[in-house]
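Participant: Could you have a look at this structure, given as structure tokens, before my questions?
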Amino acid sequence: MDYLKTLNEPQLEATINTEGPCMIIAGAGSGKTRVLTYRIAHLIDSKGVDPFSIMALTFTNKAAKEMRHRIEGVIGTDARNIWMGTFHSVFARILRSEAHHLGYPNSFTIYDTDDSKSLIRSIVKEMGLDETQYKANVVYNRISAAKNRLISWQDYVNNPVLLADDASNMRPEMGNIYRNYGQRCFKSGAMDFDDLLFNTDRLFKEHLEVLNKYQHRLRYFLVDEFQDTNLCQYHIIRKLAAVTQNICVVGDDAQSIYAFRGADISNILNFEKDYPDLKIIKLEQNYRSTKTIVDAANSVIAKNKAQLPKNVWTSNEEGNLIGLIKAVSDNEEGKLVATSIFEEKMQHQLKFSDFVILYRTNSQSRALEESLRRMNIKYKIIGGLSFYQRKEIKDLLAYLRYTINQQDEASFRRIINLPKRGIGGSTVDKIIVGANDHAISIWEVLQNATSFLGGRAVNTIENFVNLIKRFMIEVETKDAYEAASEIAKSSGLLRELYEDKTVEGLNRYENVQELLNAIKEYVDDPEKEDKSLAAFLQEVSLVTSQDDDKDNDPEKVTLMTIHMAKGLEFKYVYIVGMEEDLFPSQMMLTTRSELEEERRLFYVAITRSQKKLFLSYALTRYRFGRLKNCEPSRFLDDIDAKYIKVSARVGGLESAPNPNYAKSFVSGLKKTVRSQPVVKSSYKPSPDFAPSDTSHLQAGMKVEHPKFGFGVVTAMDESGANRKAKITFTDFGEKTLLLSFAKLKIHEN
């Protein structure tokens, strides 16, 4: 009972009030895991409840393991008898005993995602459908979404609304694929992950005697992260708790960020309607963050209309103001963030593991990774591969490398059937064997396919050879960006990713666009004299080749998406890319509910910070191969300006000169950027453009630049080792250029 003395008043109330329906609204950093742990311990230790009659559901095995370990520390090994685990693991346990009621063997197979997608691909092929139109990932997600909404394949094929939606998306056979998939899984005695929930609900609905058995066997139900439950999960838990009504849900509506996975925030917002006698307990004291961070987070989430009222507060120290970092470009943003991390570490004797960089999309990591590497700061990426290790990036790089070097066997193996062109492993083996037996290159074998191969493979290989030859011409005649863009398009890689409208597909498409952005930045860099694709590939190979980290050094900065950061905490948090159309995402601006989920995501990001928080944005960012002016995120306006300290110098943060400066800065962000409209240049390069000798360049001369267009030299700077020219361009305004790098053509006045 000593553990009860460590609780504050609301925590104690949530721990000892164990009877009847209860909703614990747990604000960020309020100690909800401790409350859940002690509530279960109290049921067993003080009230004598049989551990076998308690069901506790979480969303991750890690959370379940941690909770069980904590409970065991309080009450001993009895904790092992609790029905505790993820929704999928606990309901799979029930199905192992009861699946025969549904016609499945109790030893049914559980298909993982790859198994499911492989089966879908087989079905699509057998049905004679276009594999590019019915991509396995798209079909899998459609079926998953249906099951999460308790729609069986029988319901699906008889639902005119769903069928019409599929028809409008040019996938009229989706329902039949779902039917075949369901029948094939059943015939194989297999369930996928979604079936573990869907079939549990079906079991309880169709076999009331089974439901009745578990309703009386289990007396207490606890659900963690309740705001993340979907319709199917809530359906099941409501049925199980219908007899005793001893259901306790713990969550925070302000942290509901998984709608794209099927999570339904209405479960927590409307929970009281389902249980009129509900006891609501609010855990509002934050033990994690400083007062500044807590108050700033409150000022953000207060802008949402759909929420449960609460007042999160803390007795922690006031803490530092939030640092606002303004960068000219996404590359400079990376440099400023890396520099800030280094300075903060040295100034406050911190570890690199105290820092995390959070971003909205994985594609943002590229500029950050490069800046951290340049400063020799080790880092680790959670929930994703290093940018240049991601499959879609390696795929495009393989095409680029093979175009440059046709002897590159590894790249050849990667791209020969990518996108799918009907070249199987046996054909590839014949090509390799032919090259080895005749002591010639793979490229020579490909160019003489008729002599080495037979059947349909010959035509396909010849088409591939012609494609690569076309790419070789592009590389010879165009700069790195133009050539890479053409290869990405003509290879079919870009189109395949673009047509995949799932969250994963969109992320992969953005990643490839980010690689093209990196190449565009390389080409636009006036210090890079060689703009060829070969030069870029050489540089990127040197940048990305790192020694294997075999020392398991924990001293690394963490990089991750905000979604991956949920439930974690760090002393110092950097939230980057605070720009309109990036955060909030342009895909989440069509409805109020989508915008409010984005704001909740920002709230989650802010509340990961314990000691200090930094926000950064760029005025320009390469997107889809074009340098675009960026508008600071509307979410910056959501934060009360008194909590913000504005960056006033490169590489660090300084206090605002007066109390009103931060407020005027934040409120003027949008005005400042809007006063600098996106440049739409009408410039067309002269057909005979060639750089002139600028050794005699003088003020008043008319010049032409390959990017900035036409301009007039207004001043010359002859001091120092490098001559500079100040030029006013028609479309881009005044620029100061180093003449040793600038490619200028002098025109007659």
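Participant: Provide the packing ranking of 183-193, 628-638, i.e. peptides ordered by the mean count of other C-beta atoms within 10 Å per residue, highest first. Could the numbers behind the result be given before it?
Facilitator: On the way: 183-193: 16.5, 628-638: 19.8.
Output ranking for 183-193, 628-638: 628-638, 183-193.
Participant: Report in % the part of the accessible area of the chain that belongs to carbon and sulfur, leaving out ligands and nucleic acids; probe 1.4 Å. It would help to have the intermediate numbers written out before the result.
Facilitator: Values: 16800 of 34260 Å².
For the chain, the apolar C and S fraction of the accessible surface comes to 49 percent.
Participant: Place the peptides 418-431, 457-470 in order of packing, highest mean first, counting for every residue the other Cβ atoms within 10 Å and averaging per peptide. Provide the component values of the computation, followed by the final result.
Facilitator: Values: 418-431: 14.3, 457-470: 15.9.
Per-residue mean Cβ counts within 10 Å order the peptides as 457-470, 418-431.
Participant: Considering amide H positions built from the backbone, and no H for Pro or chain starts, which residues 5 or more places from LYS645, or on another chain, come under 5 Å of its amide H?
Facilitator: ILE322, GLY323, LEU324
Participant: What number comes out for the charge environment of GLU499, summing +1 per Lys or Arg and -1 per Asp or Glu over other residues with Cβ under 15 Å away?
Facilitator: Counting the neighbours of GLU499, the net charge comes to +1.
Participant: Continuing with the same structure: May I ask you to evaluate 6.51 cos²θ - 1.76 cosθ + 1.60, the Karplus curve with θ = phi - 60°, for each residue of the stretch 732-739 and list the ³J(HN,Hα) values in order in whole Hz, giving x for glycine and proline?
Facilitator: With the stated coefficients, the stretch 732-739 comes to 10, x, 7, 9, 10, 10, 6, 6 Hz.
Participant: Further, regarding this structure: Please list, in order along the stretch 192-207, the HN-Hα scalar couplings obtained from phi with the Karplus expression 6.51 cos²θ - 1.76 cosθ + 1.60 (θ = phi - 60°), rounded to whole Hz, x for Gly and Pro.
Facilitator: In residue order, the calculated couplings are 8, 4, 5, 5, 4, 8, 4, 6, 5, 4, 5, 4, 5, 6, 8, 9 Hz.
Participant: Projected onto the charge dipole of the chain (+1 at Lys/Arg Cβ, -1 at Asp/Glu Cβ, origin at the Cα centre), which of MET84, ILE404, VAL210 gives the Cα projection farthest towards the positive end?
Facilitator: The listed residue farthest towards the positive side: VAL210.
Participant: Once Lys and Arg get +1 and Asp and Glu get -1 on their Cβ, which of VAL604, MET588, PHE226 lies farthest toward the positive end of the dipole of the chain?
Facilitator: PHE226
Participant: On to the next question. Separation between the VAL328 and GLU504 pseudo-spin-labels, each 7 Å from Cα along Cα→Cβ, expressed in nm?
Facilitator: It works out to 4.1 nm between the two label points.
Participant: Could you tell me what a quarter of the Cα convex hull surface of the stretch 391-471 works out to, in nm² with one decimal place?
Facilitator: Working: hull surface 19.4 nm².
The orientation-averaged projected area of the Cα hull of the stretch 391-471 comes to 4.9 nm².
Participant: For every other residue with a beta carbon closer than 13 angstrom to the beta carbon of ARG456, add +1 if it is Lys or Arg and -1 if Asp or Glu, then tell me the sum. Can you show the working numbers first?
Facilitator: Details: positive: ARG421; negative: GLU462.
Summing Lys and Arg as +1 and Asp and Glu as -1 gives 0.
Participant: Take the Cα pairs of the stretch 219-291, get the Kirkwood Rh, then feed it into Stokes-Einstein at 4 °C and 1.567 mPa s and tell me D in µm²/s.
Facilitator: Working: Rh = 13.3 Å.
Translational D for this selection: 97 µm²/s.
Participant: Same structure, new question: Tell me whether the stretch 232-374 comes out rounded, prolate or oblate; compute the Cα gyration tensor, take square roots of the eigenvalues as a ≥ b ≥ c, and use a/c under 1.5 as the rounded threshold. The partial results should precede the final answer.
Facilitator: On the way: a/c = 2.83, a/b = 1.98, b/c = 1.43.
Prolate is the answer for the stretch 232-374, as a/c is 1.5 or above and a/b outweighs b/c.
Participant: Run the numbers for LEU4 and GLU594: contour at 0.36 nm per residue of separation, minus the present Cα-Cα distance, in nm. Numbers along the way, then the final one.
Facilitator: Numbers: separation 590, 0.36 × 590 = 212.40 nm, distance 4.03 nm.
Computed gain between LEU4 and GLU594 is 208.4 nm.
Participant: With a point put 7 Å past each Cα toward its Cβ, work out how far LYS65 is from SER719 in nm, to one decimal.
Facilitator: Calculated label separation equals 6.4 nm.
Participant: Which whole-Hz ³J(HN,Hα) couplings does the stretch 220-237 yield from phi under the Karplus relation 6.51 cos²θ - 1.76 cosθ + 1.60, θ = phi - 60°, glycine and proline marked x?
Facilitator: Each residue's phi maps through the Karplus curve to give 10, 10, 10, 10, 8, 6, 4, 5, 9, 6, 9, 4, 5, 4, 5, 4, 5, 5 Hz.
Participant: Rounded to the nearest 10 degrees, what's the angle between the helix 113-126 long axis and the longest principal axis of the chain, both from Cα atoms, 0 to 90?
Facilitator: Result, in degrees: 70.
Participant: Further, regarding this structure: Under the classification rounded if a/c is under 1.5, otherwise prolate if a/b is larger than b/c and oblate if not, where does the chain fall, given a ≥ b ≥ c as square roots of the Cα gyration tensor eigenvalues? Can you show the working numbers first?
Facilitator: Details: a/c = 2.31, a/b = 1.32, b/c = 1.75.
Since a/c reaches 1.5 but b/c is at least a/b, the shape of the chain is classed as oblate.
Participant: Right, next: Residues in the stretch 296-336, backbone N under 19 Å from the label point at LYS707 (7 Å along the Cα-to-beta-carbon vector): list them, ranges by number please.
Facilitator: Only 327-336 fall inside the zone, counting backbone N under 19 Å.
Participant: Another question about this same structure. Answer rounded, prolate or oblate for the stretch 1-42, using the Cα gyration tensor with square roots of eigenvalues a ≥ b ≥ c: rounded when a/c is under 1.5, else prolate when a/b is larger than b/c, else oblate. Numbers along the way, then the final one.
Facilitator: Working: a/c = 1.68, a/b = 1.04, b/c = 1.61.
Cα axes put the stretch 1-42 in the oblate bin.
Participant: Applying a 10 Å radius around every beta-carbon, put 131-142, 575-586 in order of their mean neighbour count, most first. Show your work: numbers first, answer last.
Facilitator: Working: 131-142: 18.7, 575-586: 22.0.
Most protected by this proxy first, the peptides run 575-586, 131-142.
Participant: Could you provide, to the nearest whole Å², the per residue accessible area of the chain with probe 1.4 Å?
Facilitator: 46 Å²
Participant: Also: Taking H placed 1.01 Å from N in the peptide plane, check which residues at least 5 places from ASP581 or on another chain put their amide H under 5 Å from its amide H.
Facilitator: Amide H neighbours of ASP581: GLN586.
Participant: Suppose accessible area is computed on protein heavy atoms with a 1.4 Å probe; arrange PHE352, PHE108 from highest to lowest.
Facilitator: Values: PHE352 30, PHE108 5 Å².
The residues order as PHE352, PHE108, largest area first.
Participant: Could you check the spin-label model distance between PHE52 and LYS187? Points 7 Å from the Cα along Cα→Cβ, value in nm.
Facilitator: About 4.1 nm separates the two model spin labels.
Participant: Can you give the angle from 0 to 90° between the axis of helix 592-606 and the longest principal axis of the chain, with both taken from C-alpha atoms, to the nearest 10?
Facilitator: Value to nearest ten degrees: 90.
Participant: Using only Cα atoms, tell me the angle between helix 136-148 and the longest principal axis of the chain; keep it within 0 to 90° and round to the nearest 10.
Facilitator: Value to nearest ten degrees: 30.
Participant: What lysines does LYS205 reach when the alpha-carbon gap must be under 18 Å and sequence neighbours fewer than 8 apart in one chain are set aside?
Facilitator: Straight-distance partners of LYS205: LYS147, LYS213, LYS239.
Participant: Here is a follow-up. At a Förster distance of 25 Å, what's the computed FRET efficiency of LYS213 paired with ARG80, Cβ-Cβ distance as r, to 0.05? Mind showing how you got there, number by number?
Facilitator: On the way: r = 22 Å, r/R0 = 0.89.
About 0.65, to the nearest 0.05.
Participant: Related question: How high is the relative contact order of the chain? Use alpha-carbon pairs under 8 Å, at least six apart in sequence, and give a whole percent. Working shown, then result.
Facilitator: On the way: 1189 pairs, mean separation 101.4, N = 749.
Over the chain, the number comes to 14 percent.
Participant: For the chain, what does -39500 (n - 2.57) per DSSP helix run (n ≥ 4), summed and divided by total residues, give at 222 nm, in deg cm²/dmol to the nearest 500?
Facilitator: Values: 32 runs with 342 residues, N = 749.
Estimated from H runs of four or more residues: -13500 deg cm²/dmol.
Participant: Hand me the tally of lysine pairs in the stretch 300-368: alpha carbons under 21 angstrom apart, and the pair either on different chains or 8 or more positions apart.
Facilitator: Values: LYS326/LYS335; LYS326/LYS345; LYS335/LYS345; LYS335/LYS351.
Within the stretch 300-368, the lysine pair count is 4.
Participant: What FRET efficiency comes out for the pair ARG373/ARG261, r = Cβ-Cβ distance, R0 = 35 Å, nearest 0.05? Walk me through the intermediate numbers first.
Facilitator: Values: r = 33 Å, r/R0 = 0.94.
According to the calculation, E is roughly 0.60.
Participant: While we're on this one: Give me the dipole magnitude in Debye, nearest 20, for the chain about the Cα centre, with unit charges on the beta carbon: positive for Lys and Arg, negative for Asp and Glu. Please list the in-between numbers first.
Facilitator: Details: 101 positive and 100 negative charges, 178 e Å.
Around 860 debye, computed over the chain.
The values are calculated or read from the model by the stated rules, or taken from the named source; none is laboratory data. Computed from a prediction, not measured in an experiment: that's the story for all the values here. Don't worry about glycine lacking a Cβ; one is built from the backbone with ideal geometry, like all the others, and counts go over all protein chains shown. Accessible surface areas use protein heavy atoms only, side chains included; no ligands, DNA or RNA. Shrake-Rupley method; radii C 1.70, N 1.55, O 1.52, S 1.80 Å.
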